[in-house]
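A short worksheet on the structure shown next.
The values are calculated or read from the model by the stated rules, or taken from the named source; none is laboratory data. Everything numeric in this text was worked out from a predicted model, so none of it was measured. Neighbour counts are summed over all protein chains in view; Cβ atoms, including those assigned to glycine, are modelled from backbone coordinates with ideal geometry. Note: areas computed on protein heavy atoms with side chains; ligands, DNA, RNA excluded. Shrake-Rupley method; radii C 1.70, N 1.55, O 1.52, S 1.80 Å.
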Amino acid sequence: IEAVEKDAKAEIRIIGYINEWSKASSQDLDYAIDDLVAKGYNDATIYINTKGGSTMEAVEIVNSLRKFKGKLIGVGGAVVASAGSYIACKLDEFQVATNTQFMYHRPMGHISGNYDQILSQAELLKNTEADYIATYEAKSNYTAEEIVANWAKGDQWLMGKDIVDKGFADKL
């Protein structure tokens, strides 16, 4: 992830696997956004090309992006999947190319520990799932029930025009 000034505009690039141990984490992005906001940037363009990653990192990336008080315009690259699709759906506008691949699915997590820890982590996953359902429902043409029914079939892949037709993107 990088946040830079380009042609007198704030530009965020989310590329690669999203997790807290990679270059695509929320922590460095948060500091960079603070700098851009301090310089007076209100709007940002967010380029997304990721197969996904950590659901929690995606939520924190969205929280950091919301420091911009203006419009957040997303542009989809070759693939916008999983946690990346969550980020895309939280933007004010999302644009895709005819060959952009978009995937959403039921959030996943890695749970381990003793019985009490597993129960606690299951509650976290339940809450995360509720947030993802609400996000996809708010952006797309699907109801919450349709999203859950689609998830039951496995990963949901859309491309180009279908992404727009299903409401996950605003422009082709």
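On a per residue basis, the chain carries 53 Å² of accessible surface, using protein heavy atoms and a 1.4 Å probe. For the range 1-147, a crude dipole built from +1 on the beta carbon of Lys and Arg and -1 on the beta carbon of Asp and Glu, taken about the Cα centre, is about 320 debye to the nearest 20.
What percentage of the solvent-accessible surface of the range 78-172, computed with a 1.4 Å probe over protein heavy atoms, is contributed by carbon and sulfur atoms?
It is 53 percent, rounded to a whole number.
Potential lengthening of the chain between Ala38 and Asp155 amounts to 38.2 nm, from the contour at 0.36 nm per residue minus the alpha-carbon distance. An ellipsoid equivalent to the range 86-172, defined through the eigenvalues of its Cα gyration tensor, has semi-axes of 29, 12, 12 Å when rounded to whole angstrom and sorted largest first. Per-residue ellipticity at 222 nm from helix content only, as computed over the chain with -39500 (n - 2.57) for each DSSP H run of at least four residues, stands at -12500 deg cm²/dmol.
Net charge of the neighbourhood of Asn150, taken over other residues with C-beta under 15 Å away and scored Lys/Arg +1, Asp/Glu -1, is -3.
Here the accessible area is traced with a 1.4 Å probe on the protein chains. For the range 18-72, carbon and sulfur cover 48 percent of it.
Listed by number, the DSSP H helices of the chain that run 24 Å or longer by alpha-carbon position along their axis and have mean Kyte hydropathy of at least -1.0 are 115-139.
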